[in-house]
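The block underneath contains the structure these notes are about, expressed in structure tokens.
The values are calculated or read from the model by the stated rules, or taken from the named source; none is laboratory data. Since the model is a prediction, treat every value here as computed from it, not as a measurement. We place every Cβ from the backbone using ideal geometry, glycine too, and count neighbours over all the protein chains shown. Just the protein is used for accessible areas: all its heavy atoms, side chains included, with ligands, DNA and RNA removed. Shrake-Rupley method; radii C 1.70, N 1.55, O 1.52, S 1.80 Å.
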Amino acid sequence: MLVTLVLLVFGVMLFDMRGRLKAAEQRLAQLEGGVGNTPSLPDRPVPEDGDDDARARPAAPASVVERRVVMDAAPPPPASAVIVDRQFKEGGKGGEEAKGIAIEVARPARPSFSFEELFGRRLPIWAGGVTLAVAGVLLVKYSIDAGLLSPLVRVVLGLLFGGALIGGAEAALRLEDRVRDARVRQALAGAGLATLYAAILAAHMLYGLVGPGIAFAGLAGVTGLAMALSLRFGAPSALLGLVGGLAAPALVEAGQPNVPLLSCYLALAVGGLCVLSRAQRWMWLGVSALVGGAGWGVVMLAMGALDWASSLSVGLLVLMLGMALPVLAFSGTRAALLRMGAAVVAAGQMAALVATGGFGLLQWGLFGLLSLMLVWLGREAALRPLAAIGAGVALLLAAVWPQPEMGRFALVMLGMAAIYGGAALLRVWRGGLVEAGQIAGLALGGFAVALGQCWRVGLDGEFALLALAAAGLPGAAMAMGWRCGTRREDARFVTLASAAALLLVVAGGLGLPEWTLAMVIAAVATGLLKLAALAEDRRVEWSGWGFAFGALVVLAGSDDVARLWGDAADGPGWQGVMRWTAGAAMAALFAWRARFAEGRMVAQGVAVLLAYGAVAQAVPAPWVPVGAALGLAMLAEGARKLAVGRMAPALGVALALVVLWAAWPLGIWLGRVLLSLVGEPVLVRDLPGISEVARRIALPAMALGLALWRGGAAVDAVGRRIGCCVAAVLGGVAAHVAFKQLFALGSLAEVTRLALAERTLWEAVLMGLGFVALRGRIAPAHFHPSRKAGENWARVVGTCLVAAGLGHLLVYSVVLHNPLWFPQAVGSWPFVNLLPVVLALAFVALKVADGWSRRIADGVRMAIIALFGVAMLRQLFVGSLLTVRGVGQVEDILRSVLALALAIGFLLWGIRGQAQAENARDWRIASLLLMLLAVAKVFLLDASGLTGLLRIASFLALGFSLIGIGWLYNRLLREPINNSATIAA
């Protein structure tokens, strides 16, 4: 321990004295050099006994005045170099300014530590002092070895030798003019003190001449002498006193020490060193003394359980070391930091004393004294955190108190609350955030410690009241600062409000049924929002947002969440209804009253979601989608009186709920539709059930349509378009599934028999509704707020319906499931079957398509006419099912005739409409292509496959057709063959 203490002392000395040594060396060199340092030239009075010339001679305005160093006859020391430092001006007498006067101030050059300087001038004196001390020890050892002197004589001689060395140091001080070196007396005094320490220790430890008490008193006396000598001889004596005084108990005591006596001695020794440190401004001495005293405190605490006298003495010693002595030892800029460090160490040691002392009332009382001192020191701004640190240590001690007795525990907690809470209440609105945090920490931490130490089953109500009482502490602080002008400048108010709110939540959770926790948190969050408005402090609103999020977390963790997607037991959950309704009301209030704009938008959506959750708790699971759809319609009705976009987030969330409920049946329907695009028929058993479609798709689609009709003006154009698209998709899917129920095709046989009729009727319905809309005879066109906008909307709807019908016809009836190659019944009667109906629907729809692209529409017409002709010809020969294998010769010849007839018809249509239609040429080209196909068929197929009259008839028909086509081109287009201009071209 002695070695550690010495090393620590020297470390502190080196850290603190480095700058001081530099300044002292410069000052010493300046004094040894005799350099003047006067910055100005004072006016000197004329001496009365001076000569006349001195009286009459005026002070000439010299431009430069040099101060020269007048040296003695002795050679100057090495560090006598002079450097010009600065120049300045000074006003003269009578207010006249002496301009141009420059003063050269000399300052000493920084001393250099050469080999000769170090080993010739500085070290020998200190080495001599150490040598004298060693000589005293060797003298005693020699007398022991030679047996010349008795032990008593040896000790007395050692004491006399030490006193003689100290006397020599005094003589060196008195003969300063001859010695002229302070280190001589310092070395002699240090050697004398070391000899005295050695003599007393030898008397006790080697010879047993004196007991521990006398030896301890002797060492204490030497320590006091060392402190006194340091006032005359400097820091080395103080250093020896520090080391000897702190090491004396360890060197003298053997076995179990007398703790009260040791504590008293340490208090006196460390106190004296601290007073000496402040008087001489040796900060290293005070720091070392306090560190050594704290080390002895740790040693005494490590001894184990102490009796009441030892506990009292150690506690008082800790109080002196941590509180009183640092005030005496330190001053200046770094004093606050050192005092805070000492106080923190004292708090830790006092906590250890309480813990090792069995958490008795005496130990707690000492901790209470420490707490009062910490609060008292906290008056200074730099030491304000000390009270908070003490409160934290007290709460930690109470938390680790093993099985405390209820009454004693309550007494201790009330005392700590009174000390730390009362002081913080007085200072919170005159101080800063530290006091507010201290109050919040006391309230929350105190309740948490009490709950952890004393809670038992059946005490929830009592602890709910305790939480309310704890909330009164930050509540009282808030009330005291309500009229404080600086309340809004920092986070003190919101810290107190948040702590009180949290304790209210805990009180509600303990005192009320468990299922009401979300309601309690929602109520507290709403109260914080209202408090933020009254206090005009936006930080409180942020705290309210935090509690609102906590309410959402509690709701999300409850069992009620399963009802949101229909997984719940039978019967309504009224407790869940109350929980989710409270959450929805909280979110709605935040959406209405909060100042955070982005948060208001989020709160709107959350309010709708929570309201949907409340509905889901009360409504049977199959009808929850209908409830969501009705909620959307009600929101749209309520949004009519608000500004555009004000309820957009809420409407968006409601629409999302509707879409999510429809997602599953929509996914099933879409999967079957995609399979149908590769030729797979859509059977009714593969589609969602009609009841599920009605609840999840049809009714929500109608509610969405109602919302768009009644509240469409509450959203912008983009929102209306999105709503219209969703409504159209939902309505279309619902209508398609409902329509599929009419024919109920459940097998491939039924598909063959009724699929064409089903498709044709569906296409007719789509096109019919589209034409009704295009003619403006649907209700929304008349009820729209803007007549023109309603007409445009009807036109768009009608066009979409006609396009859907035409697309369905082309994709399925013409391409994928064409009766020519897909087995489907078209009807047994010639010309009175489904084929003319399909052709008529296509032509009606293509009439609308002319407005999009006439050329494409004409191309589709040509293809449909050709396919229709082939299908009708096939139906004449094979009946209702056109996919029967084999083609007869007559049917084959008639196909060629049909091609020629269609070619003539296309040509006539193109010739007749050439003046009106710009696409007439396309019809004529199509006729030529059909003619070429007919020629190719006749010459390549019919010529080889037919015989007899049929072959002749085929060629005759082809020949007359070609002649007729040529005649039509020549006559009706007015381009004769023998035209000379044409021949020339």
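For ARG924, state whether it is of a type in the set (Lys, Arg), assigned by the TED database to the domain that holds HIS808 and part of a helix (DSSP H, G or I). So ARG924 fails the test. Only residues that are closer than 24 Å to SER813 by Cα, open to solvent by 50 Å² or more (accessible area, probe 1.4 Å) and assigned to a loop (DSSP other than H, G, I, E, B) were counted across region 644-692, and they come to 3. How many of the residues in region 817-871 are over 17 Å from GLU763 (Cα atoms), touching a residue at least 60 places away in the same chain (Cβ under 8 Å) and not hydrophobic (A, V, I, L, M, F, W, C)? Matching residues across region 817-871 total 5.
Here is the figure for region 296-325: residues that are without any contact (Cβ under 8 Å) to a residue 12 or more places away in the chain and either among the charged types (D, E, K, R) or touching a Cys at 6+ places or on another chain (Cβ under 8 Å) (or both) total 1.
Is it true that ALA355 is assigned to a loop (DSSP other than H, G, I, E, B) and of a type in the set (Gly, Ala, Ser)?
Working: assigned to a loop (DSSP other than H, G, I, E, B): no; of a type in the set (Gly, Ala, Ser): yes.
So ALA355 does not fit the description; no.
Considering each residue of region 315-325 in turn, none proves to be more than 16 Å from SER371 (Cα to Cα) and at pLDDT 80 or above. If you scan region 420-440, which residues turn out to be assigned to a helix (DSSP H, G or I) and surrounded by fewer than 21 Cβ atoms within 10 Å (Cβ to Cβ)? GLY422, LEU425, LEU426, ARG427, LEU433, VAL434, GLY437 - these are the residues of region 420-440 that are assigned to a helix (DSSP H, G or I) and surrounded by fewer than 21 Cβ atoms within 10 Å (Cβ to Cβ). Figure legend. Inter-residue proximity from region 534-552: first residues buried (at least 20 other Cβ atoms within 10 Å of the Cβ), second residues part of a helix (DSSP H, G or I) and polar (S, T, N, Q), beta-carbon distance below 6 Å, spacing 6+ or different chains. Indicated pairs: SER543/SER498.
In summary, TRP284 fulfils each of the numbered conditions (1) within 15 Å of VAL345 (Cβ to Cβ); (2) open to solvent by less than 20 Å² (accessible area, probe 1.4 Å) with the single exception of condition (1). Out of everything in region 802-858 that is among the aromatic types (Phe, Trp, Tyr) and assigned to a loop (DSSP other than H, G, I, E, B), what residue ends up being least open to solvent (accessible area, probe 1.4 Å)? Among residues in region 802-858 that are among the aromatic types (Phe, Trp, Tyr) and assigned to a loop (DSSP other than H, G, I, E, B), the one least open to solvent (accessible area, probe 1.4 Å) is PHE822.
On the basis of being surrounded by 14 or more Cβ atoms within 10 Å (Cβ to Cβ) and either at pLDDT 95 or above or among the β-branched types (Val, Ile, Thr) (or both), does VAL561 make the cut? Judged against the criteria, VAL561 is a match.
Of ARG339, ARG379, which residue is within 22 Å of ALA424 (Cα to Cα), among the basic types (Lys, Arg) and part of a helix (DSSP H, G or I)? Give the steps one after another, and end with the answer.
Working: ARG379 fails: part of a helix (DSSP H, G or I).
Unique residue meeting the criteria: ARG339.
Among the residues of region 510-523, the one identified as open to solvent by less than 40 Å² (accessible area, probe 1.4 Å) and without any contact (Cβ under 8 Å) to a residue 24 or more places away in the chain is VAL520. GLU462 meets each of the listed conditions (1) of a type outside the set (A, V, I, L, M); (2) assigned to a loop (DSSP other than H, G, I, E, B); (3) within 20 Å of VAL449 (Cα to Cα) apart from (2). Checked against the criterion of being of a type outside the set (D, E, K, R), over 30 Å from LEU756 (Cα atoms) and without any contact (Cβ under 8 Å) to a residue 12 or more places away in the chain, region 666-673 has no qualifying residue. Restricting region 618-643 to residues that are under 29 Å from GLN741 (Cα atoms) and not in a helix (DSSP H, G or I) leaves a set whose member that is most open to solvent (accessible area, probe 1.4 Å) is PRO620.
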